[in-house]
There are 4 protein chains.
Amino acid sequence: MSLQREGKFDRILDAAIEAIAESGFHQCQVSKIARLAGVADGTIYLYFKSKEDILIRLFQSRMGEFIASIRNELEHCQTTEARLRTIVRTHFSYMEHNRSLAIVTQLELRQPNLSVRLAINGPLLDYFRLIEEVIQQGIEREEVPKIDVWVARQMIFGSLDEATTDWVLARSPRTLESGIEPMLALFEGALRLRKEYEYNRFTPEEKREEDGNANS
Amino acid sequence: MSLQREGKFDRILDAAIEAIAESGFHQCQVSKIARLAGVADGTIYLYFKSKEDILIRLFQSRMGEFIASIRNELEHCQTTEARLRTIVRTHFSYMEHNRSLAIVTQLELRQPNLSVRLAINGPLLDYFRLIEEVIQQGIEREEVPKIDVWVARQMIFGSLDEATTDWVLARSPRTLESGIEPMLALFEGALRLRKEYEYNRFTPEEKREEDGNANS
Amino acid sequence: MSLQREGKFDRILDAAIEAIAESGFHQCQVSKIARLAGVADGTIYLYFKSKEDILIRLFQSRMGEFIASIRNELEHCQTTEARLRTIVRTHFSYMEHNRSLAIVTQLELRQPNLSVRLAINGPLLDYFRLIEEVIQQGIEREEVPKIDVWVARQMIFGSLDEATTDWVLARSPRTLESGIEPMLALFEGALRLRKEYEYNRFTPEEKREEDGNANS
Amino acid sequence: MSLQREGKFDRILDAAIEAIAESGFHQCQVSKIARLAGVADGTIYLYFKSKEDILIRLFQSRMGEFIASIRNELEHCQTTEARLRTIVRTHFSYMEHNRSLAIVTQLELRQPNLSVRLAINGPLLDYFRLIEEVIQQGIEREEVPKIDVWVARQMIFGSLDEATTDWVLARSPRTLESGIEPMLALFEGALRLRKEYEYNRFTPEEKREEDGNANS
DNA sequence: CATGAATGAGGATTCATTCAT
DNA sequence: TATGAATGAATCCTCATTCAT
C-alpha cells in the first residue's frame, strides 16, 4: 500500500518534471501532469497539497538525492582539490544527464513566489553548507589561505549555476562537462589552492592516490 | 510634448519598479502601477504594449544605463585589475543603491516566460560581452594567462549574480559592497592576474596611479 | 452522466435564450446566463467554447429542430399548396410560440460578426434548400410554371423573415398567425399555383383530403 | 463655413461607409474613420454625437436620398406595374452601385441595439409607407384586388431585402439586377396585377405609354 | 473650429482545487 | 484510495469620449 503510494508519488513527480520542463510551470496544467502520470486530477491532491507543492517536493526530493550523492563521493576525497573536482563534476554531469530536471531547476524553480523560495531554501542551504565545508576544511588543512568562505561559496555556486543556466538556455553549443576542467582551474586559482604535490612532494603515495581520484 | 511623453514613460517605469518589487510581477495589478504613476490605467497602454512589456522595457532601460555607465568607467582603467574592480564595484553598488530594481532584476525578471527571456537576452548578452572583452584584453596584455574566456565570464557573472541574489533575499546580513574586495581577490586568483607592480616593479609611478584608481 | 451532461447543455441553452432575448447578446454577461441556468460561470465552458459559441449552438440546435419538424410535416402533404401552407404555418406558429427564441433569431443572431454568420449559414442554407425543393417539386408536378427557383425562394424566405421581424419589433399589433392566410395567398399568386381542384375537378376526393390537411 | 461644415460632415460619412463596410461597425474604431476622413478623432464629435450616431445619420442620409429618388421616379409612372418595376429596379441597382453602403445597410445596420433600431425605423417606415401607397393605389385603381396591404408590403420589402442580403453575402454569383424581372413577375402574380392592356385593350395609347416606361 | 493625449469602465475566461460518488 | 465534473475568483486591456490647448 505504502509502496503503491510511493509508486504513485514518484510517478506524479516524474510526470511533473517532464510536463513542467516542456511547457513551463504556469503553462502546465495540473490535469496534464495527471494525464502523464496516468491518474485522475483529484488523485494529485491525495499526494500533494497544491500544484506549487509539487514543484517544491520535486526540488527537495531530487536536490536531496543530488546532495546525498555528492556527500557520498566527498567521503572518498583526500584533498580539497579532489573535493572541488567532485563538486564540479557531479554538478555538471548530474544536470547534463537530467536535462528536464535541469530545465525545471534553472528556469521554472526561479519563481518569484515567496513560498516557493522559502521551501527551496532548505535544500539549497544544505548545498551551500556543503560547499562552505569543503572550503573551510581546505583552510583548516592549509591547502587554502584564510579567505572569505561566504564569498567563496557565492563564487563557486554562482559559477556552477550560471554555467548550467547557459547550457539549459543553449547560449553556447558546448557540453556542460567540457566546462569541468576550465571551471576547476578557475576555482583553484581563486582559492589559491596549494596542491598536495606542491608541499607534499615527499609523500608521493598520497599524491598518487589523489591523482587516481582526480582522473576518475 | 515629447518631453512630457518621456516624463510619463519614466514615471510609469519608476512606479512599476516600486510596485513590482513590493508585490511581485504577477500579484501587481496594472491599475496599481497606474495609481503609483499618477496616470489612468489606459494611459499605461499608450506607452507600453502590455504588462509584460513594462517588465521588458524596464530591464532594457535600466540595464542599458548600467552597462553604459560601466563602459564609461572602464575607459579610464589602465589595467585588467582596475577593470575587474570597476565591474565588481559598479555591479554591487548599483544594485545596493537601487534595491527595488535589484529585487525586480534578481527575482521578478527570472520569469520562466519565453518572451521575457528573449527580450532580456539582448542587454544581458551585452553585459556578457563586456566582461569577456575585459578578460580577452587581459590575455592580450599578458596580464592573464590563456584561459577559457567563456567559462571565466560564467564565473564572474555567476558570482556577481549569486552574491546579489543572496543580498536581495537577505540570506546574509552583510552589505553587498563588503563583498567587493573578497570577490575581487577571488577573481584575481582565478584569472592568475599578474598585477602591474609584480612585473613593473621598476615603474612605481604606474602602480601608485592604479592604486589610486582602485581605492576611488 | 451523459444524460446529466445533456440536461445541463439544454439548461444553459434555455437560460441563454431568455437572457439574450431580455438584454441582448452583448449586454448579457455570461455570469447572468450561468445564474439563470443554475450553474457556475466556469461550467458554461465545459459545454461551450465561448460566449459566441452559445449563440451559434443555440441557433443550430433550435433551427435544426425547426427544420426537422417542417420536413416531417411536409411528408404528409400531397400538394404544393399544402406544402407552402405547412411552411408558412410552421414558421409563424413556431416563432409565435417561442417569442424569446424569435427575438434572438431575428435580432441578436443578425450579428455582423463573420464567424457567427458562417456558423449560422449551415442551418439557414438547409432551410433555403427545403423551400427550393418545394418549389422545384411544384414545377415538376406542373402545379407551378417554370419560374426562377432561386428568386422564388428569396421571396418566400424574405417575406416570412420580414413578417417575423415586424412582429418581434411589434411594428404592428397583429398576431403573426393572422398573417398566414394572406401571406399564403400572395405566395400562391406569385407562383401562379394551379390548385388541385382547378385541374382535378373530377377527383373531388383528393381535394377533400388536401383540405383536411391544409386546415389541420 | 457652413459649406465646409457640410464638407466635413459628408467626408466623415463617406469615410465611415468605407471603414464600416471593410471591418464592421464594432471592429471599426472611430480613429480609423477619422484617419480616412482626414480629421482628428475629436473632430468627429463636433459633427456627430457618438459613434452610433454616425451609423444612424449615415442611414438616414443615404436612405433619405434613396427614398426621395424612388418617389421622384414614381411620379412618372402611370400604372402599378410601372411603379413596382421602379421600386424593384431602383432598389437593386442602387444597392448594386453602392456596395459598401449595401454592406453597411444589410449587415452592420442590423444591430440588435435598441437606439439604432429606433433611429433606423424612421426612414424604414417611410419606405414601407411608400410601398404600401403603391399597393393601395393599385387597389383603388382596381389593378389589384383587395388584398392585405400590410402583408403585401412585408412580402415586397422582405423579398427585396433578402435578395440584397444574398447578394452582399455572395450566396449566389448572380448580379442583383438579374433578379429584377423574375422578382417583378413574382410580385405581379402575388398581387394578381391586372395589367393595363388586359382590361384596357381598347385604349392602346395608354398601353404603349406604359410599355415604354416599363422597358426603360 | 480643430486637435489628440488622456481617460476609465467593464467582462469573458482559465484552471487549481474540491467533494460527492 | 480514486475519480472527474463542477466550481468561482480574479484582472488585463480596448476604445469611445472628453477637454485643455
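The values are calculated or read from the model by the stated rules, or taken from the named source; none is laboratory data. It should be emphasised that the depicted structure is a prediction, and the values quoted were computed from it without experimental measurement. All Cβ positions, even for glycine, are placed from backbone atoms using ideal geometry, and neighbour counts span all protein chains on display. These accessible areas exclude ligands, DNA and RNA; they are computed on the full protein's heavy atoms, side chains included. Shrake-Rupley method; radii C 1.70, N 1.55, O 1.52, S 1.80 Å.
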Chain-alone versus full-assembly comparison, the stretch C:126-158, residues with accessible loss of at least 20 Å² (1.4 Å probe): C:F128, C:D148, C:W150, C:V151, C:Q154, C:M155, C:G158
In Hz, Karplus ³J(HN,Hα) per residue of the stretch A:32-49 (6.51, -1.76, 1.60; θ = phi - 60°; x = Gly, Pro): 5, 4, 4, 4, 4, 7, x, 10, 7, 3, x, 4, 3, 7, 7, 10, 9, 5
Quote the charge dipole size of the stretch C:1-48 about the Cα centre in Debye, to the nearest 20; the model charges only the Cβ of Lys and Arg (+1) and of Asp and Glu (-1). 140
Taking the Cα centre of the stretch B:1-100 as origin, sum charge times position over the Cβ atoms of Lys and Arg (+1) and Asp and Glu (-1), and report the length of that vector in debye to the nearest 20. 120
What number comes out for accessible area per residue over chain A if the probe is 1.4 Å? Units Å², please. 45
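Starting from the Kirkwood Rh over alpha-carbon pairs, what translational D in µm² s⁻¹ does the stretch D:1-48 have by Stokes-Einstein at 20 °C and 1.002 mPa s?
It comes out at roughly 203 µm²/s.
Please give the direction-averaged projected area of the C-alpha convex hull for the protein assembly as shown, in square nanometres with one decimal.
54.7
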Across peptide C:162-169, how many C-beta atoms of other chains are within 10 Å of each residue C-beta, on average? 4
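Highest first, please rank the peptides C:7-17, C:147-157 by the mean number of other Cβ atoms sitting within 10 Å of their residues.
Values: C:7-17: 18.3, C:147-157: 23.6.
Taking the mean over residues of other Cβ atoms within 10 Å, the ranking is C:147-157, C:7-17.
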Quickly work out the C:E132-to-C:Q29 label distance, labels modelled 7 Å from Cα along the C-beta direction, and quote it in nm with one decimal. 4.5
Excluding D:V116 itself, what net charge comes from residues whose Cβ is under 14 Å from its Cβ, given Lys and Arg +1 and Asp and Glu -1? +2
Karplus-derived 3J(HN,Hα) from phi for the stretch B:109-126 (6.51 cos²θ - 1.76 cosθ + 1.60, θ = phi - 60°), whole Hz, x at Gly and Pro, runs 7, 7, 6, x, 7, 4, 5, 5, 4, 4, 5, 6, 3, x, x, 5, 5, 4
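Quick check for me: using +1 on Lys/Arg Cβ and -1 on Asp/Glu Cβ, what's the dipole size of the protein assembly as shown about its Cα centre, in debye to the nearest 20? Intermediate results must be reported in sequence, preceding the final value.
Numbers: 112 positive and 136 negative charges, 193 e Å.
Magnitude of the dipole: close to 920 debye.
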Along the dipole axis of chain C (charges at Cβ: +1 for Lys and Arg, -1 for Asp and Glu; origin at the Cα centre), the most positive-end residue among C:S172, C:S61, C:Q136 is C:S61
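Considering every residue in D:110-118, what mean count of other chain Cβ atoms within 10 Å of its Cβ is obtained? Write down the numbers at each step before the final one.
On the way: counts 8, 6, 13, 4, 3, 0, 0, 2, 1.
Mean partner-chain Cβ count within 10 Å for D:110-118: 4.
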Whole-percent carbon and sulfur share, accessible surface of chain B, 1.4 Å: 51
Just to be sure I follow: if Rg is taken over the C-alpha atoms of chain D and Rh is the Kirkwood radius over the same atoms, what is Rg/Rh? 1.05
Using a ≥ b ≥ c from the Cα gyration tensor of the stretch A:75-154 (square roots of the eigenvalues), is it rounded, prolate or oblate, where a/c under 1.5 gives rounded and otherwise the larger of a/b and b/c decides, a/b for prolate? oblate
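Count, for each residue of D:183-193, the Cβ atoms from other chains sitting within 10 Å of its Cβ, then give me the mean as a whole number. Don't jump to the answer; show the numbers that get you there.
Numbers: counts 7, 1, 7, 13, 4, 3, 10, 11, 3, 5, 1.
Partner-chain Cβ atoms within 10 Å, mean over residues of D:183-193: 6.
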Based on the mean of other beta carbon atoms within 10 Å per residue, what is the order of C:54-60, C:73-79, most packed first? C:54-60, C:73-79
With the label 7 angstrom out along Cα to Cβ, how close does A:N72 come to the same site in each of the other copies, in nm, nearest first? 5.5, 7.3, 9.8
So for the stretch C:1-48, taking the charge dipole from beta-carbon charges (+1 Lys/Arg, -1 Asp/Glu), which of C:V39, C:L13, C:Q27 sits furthest toward the positive end? C:V39
In Å², nearest 100, what accessible area do chains D and C bury in total when the solvent probe is 1.4 Å? 3100
In nm, to one decimal, how far is the B:H76 label point from the B:K195 one, both placed 7 Å along Cα→Cβ? 2.2
May I ask which residue of D:A102, D:L186, D:P145 lies farthest towards the positive end of the charge dipole of the stretch D:55-215, with charges of +1 (Lys, Arg) and -1 (Asp, Glu) on Cβ and the Cα centre as origin? D:A102
Which ³J(HN,Hα) values, rounded to whole Hz and listed in residue order, are derived for the stretch C:134-147 from phi using the Karplus coefficients 6.51, -1.76 and 1.60 in 6.51 cos²θ - 1.76 cosθ + 1.60 with θ = phi - 60°, glycine and proline given as x? 4, 5, 4, 4, x, 5, 5, 7, 6, 7, 10, x, 6, 10
Label point 7 Å beyond Cα of C:E181 along Cβ direction - residues of the stretch C:88-119 with amide nitrogen under 17 Å: C:88-90, C:92-93
Taking chain C as a Gaussian network, where each spring joins two C-alpha atoms under 10 Å apart, which residue of C:P182, C:P145, C:P123 fluctuates the most? C:P182
